[in-house]
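So the structure is just underneath, and the comments pick up after that.
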Amino acid sequence: MRDLLVVGGGPAGLATAIHAARAGLDVEVWEPQGPAIDKACGEGLMPGAVSALTALGVDPEGQPLTGIRYLSPAHRAQARFRLGEGRGVRRTTLHTALRGAAEDAGVPLVKRAATNATQTGSHVVVDGVPARYLVAADGLHSRMSRALHLEGRPAANRRFGLRCHVETEPWTSYVEVHWSPTCEAYVTPVSARLVGVALLTSERASFAQQVSAFPELLEKMTGHSTGPVRGAGPLRRTTRCRVAGRVLLVGDASGYVDALTGEGISLALMQARAAVAAVAADRPHDYERDWQRITRRYRLMTTALVSSTRIPAVRRGIVPAAAAMPGVFAAAVNALARPA
């Protein structure tokens with residue numbers, strides 16, 4: 001019987017497996033998709049995520065990110081990262097790098113889906129396969145969380161993500177966040193000739209329709225080839241708890257507020273380390289406490305920002321306020337950029 005079975009072979013699951021192998025645990029990963037999984041995401045790694053990846057020995061190729069810039073038609077504000085650079089990295093590049101590190105650590109990566117899990121006092125059985133512990137890291141719409149009745153209530157206000165790539169030389173080393181009355185556009189350079197454009201919105205409309213709300217961005221995109229559009233959502237996800245017996249939820253499967261602050265990968269990497277520490281100590285409920293600590297700042301700041309920007313007057317004032325109070329904006333950016 002293995003010490004740990006990880007269901008989900010994305011960044012959260014692979015990071016969990018690498019930490020587990022380093023801790024001397026017998027671990028296996030199940031993932032039904034291929035070796036390089038793409039996903040609709042902003043593809044910007046905050047400095048905390050870059051540091052966490054470096055600690056894992058993972059160094060994915062990408063573009064340096066020096067800060068965050070907010071833009072509206074009449075105002076702009078920017079803040080540099082104080083604790084080192086972030087990095088724009090194609091999701092497939094990040095996944096390939098983590099998968100290679102897991103393979104180098106001797107972790108078996110099995111192309112297999114998981115559908116059901118039951119527990120006894122001493123182990124978990126996933127589709128007939130026993131393991132001492134299970135980490136469910138199977139994403140935003142976690143099948144394992146649903147099977148174990150750990151899902152919370154669906155969000156009343158739903159937000160969605162759309163992303164495509166523009167084949168052009170990056171025009172900035174900042175992550176640019178363009179604001180319109182109903183949508184944000186995140187611009188992230190991910191290679192020397194590729195820029196990612198991700199939209200976050202509550203409107204159900206095509207990428208082309210929504211990006212037309214950003215004339216300055218649309219002008220930079222015009223005349224350049226664009227890749228396919230990928231979608232994700234609804235983004236908000238709640239869970240009743242993150243530990244149930246010998247099952248631990250890691251990454252988006254454990255709960256998710258919104259992509260607005262760009263912390264998803266950072267949080268997943270920190271959760272992976274904490275989950276493995278709890279399993280190695282045979283104290284799974286320590287992870288619930290650590291999860292609360294790791295995600296507290298993200299949950300508070302992101303929930304407050306998403307909620308307030310549903311009010312049109314507040315939304316219109318976000319970028320002007322950031323421009324008028326550069327010190328406050330810089331402090332907020334760097335609070336989100338550092339590890340929990």
Within region 305-330, the residues whose backbone N lies under 17 Å from a label point placed 7 Å from the Cα of Arg80 along the Cα-to-Cβ direction are 326-330
With region 12-158 reduced to its Cα atoms and the Debye formula applied, log10 I(q)/I(0) at q = 0.11 1/Å amounts to -0.56
Ranked from fewest to most other Cβ atoms within 10 Å of their own Cβ, Trp30, Trp171 fall in the order Trp171, Trp30
Across the alpha-carbon set of the chain, Rg over Rh with Rh taken as the Kirkwood radius works out to 0.97
Computed on Cα atoms only, the convex hull of region 163-233 has an orientation-averaged projected area in nm² of 4.5
Checking rank on 274-284, 200-210, with mean other Cβ inside 10 Å and highest first, the result is 274-284, 200-210
In degrees, nearest 10, the alpha-carbon axis of helix 312-324 is tilted away from the dominant principal axis of the alpha carbons of the chain by 80
A student asked for the Cα radius of gyration and Dmax of region 4-87 in angstrom ought to give 16.7, 56
Packing-ranked peptide list from 251-264, 305-318, highest mean Cβ count within 10 angstrom first, is 251-264, 305-318
Expressed as a whole-number percentage, the relative contact order of region 235-325 with C-alpha contacts under 8 angstrom and at least six residues apart is 26
Rounded to the nearest 0.05, FRET efficiency between Val229 and Arg289 (Cβ-Cβ, R0 45 Å) equals 0.65
Over the Cα atoms of region 246-321 the radius of gyration and the largest Cα-Cα distance (Dmax), both in Å, equal 15.5, 50
Mean separation of Cα contacts under 8 Å (at least 6 apart) over the residue count of region 45-108, i.e. the relative contact order in percent, is 40
Treating only Lys and Arg (+1) and Asp and Glu (-1) as charged, each at its beta carbon, one finds that region 78-195 has a dipole about its Cα centre, in Debye to the nearest 20, of 220
Over the Cα atoms of region 210-340 the radius of gyration and the largest Cα-Cα distance (Dmax), both in Å, equal 18.5, 57
Percent relative contact order for the chain, counting Cα pairs under 8 Å at least six residues apart, stands at 24
Residue by residue through region 148-157, the couplings from Karplus 6.51 cos²θ - 1.76 cosθ + 1.60 with θ = phi - 60°, in Hz, x for Gly and Pro, are 9, 6, 9, 5, x, 6, x, 6, 6, 9
With 0.36 nm assigned to each residue of separation and the Cα-Cα distance removed, Glu167 to Met325 gains 53.4 nm
So for R0 = 45 Å, FRET eff. of Met1-Arg310 from the Cβ-Cβ r, to 0.05, ends up at 0.40
Across Leu300, Leu14, Leu140, the residue with the highest GNM fluctuation in the chain (Cα network, 10 Å cutoff) is Leu300
To the nearest 0.05, the calculated FRET efficiency linking Thr120 and Ala205 through their beta-carbon distance, R0 being 51 Å, is 0.55
For the chain, the charge dipole (Cβ of Lys, Arg +1; Cβ of Asp, Glu -1; about the Cα centre) points to a positive end, and the Cα of Met221, Leu109, Ser202 closest to that extreme belongs to Ser202
Around Ala49 (Cβ within 9 Å, Cβ-to-Cβ, excluding Ala49; K/R +1, D/E -1) the net charge comes to 0
Quick calc, the chain, dipole around Cα centre from Cβ unit charges on Lys, Arg (+) and Asp, Glu (-), nearest 20 debye, gives 960
Taking every other residue with Cβ under 13 Å from the Cβ of Ser307 and scoring Lys and Arg +1, Asp and Glu -1, one gets +4
Label model pair Asp282, Asp59: point-to-point distance (7 angstrom along the Cα→beta-carbon line) in nm is 3.9
Within the chain, the percent of DSSP beta bridges that are antiparallel, given to the nearest 5, stands at 70
Mean 1/r over distinct Cα pairs of region 92-131, inverted to a Kirkwood Rh in Å, yields 12.2
Rounded to whole angstroms and listed largest first, the alpha-carbon spread of region 93-226 along its three principal axes comes to 60, 42, 21
Summing +1 per Lys or Arg and -1 per Asp or Glu among the other residues with Cβ less than 11 Å from Ala275's Cβ gives -1
Of Val243, Val177, Val129, the most mobile residue in a GNM of the chain (C-alpha springs, cutoff 10 Å) is Val129
Packing-ranked peptide list from 214-223, 66-75, highest mean Cβ count within 10 angstrom first, is 66-75, 214-223
Measuring from the longest principal axis of the C-alpha atoms of the chain, the long axis of helix 326-337 (C-alpha) lies at a number of degrees, nearest 10, equal to 20
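No value in this document is a laboratory result; all are computed from the given coordinates. Since this is a predicted model, take the numbers as computed values, not measurements. For neighbour counting, all protein chains shown are included, and Cβ atoms are generated from backbone atoms with ideal geometry for every residue, glycine included.
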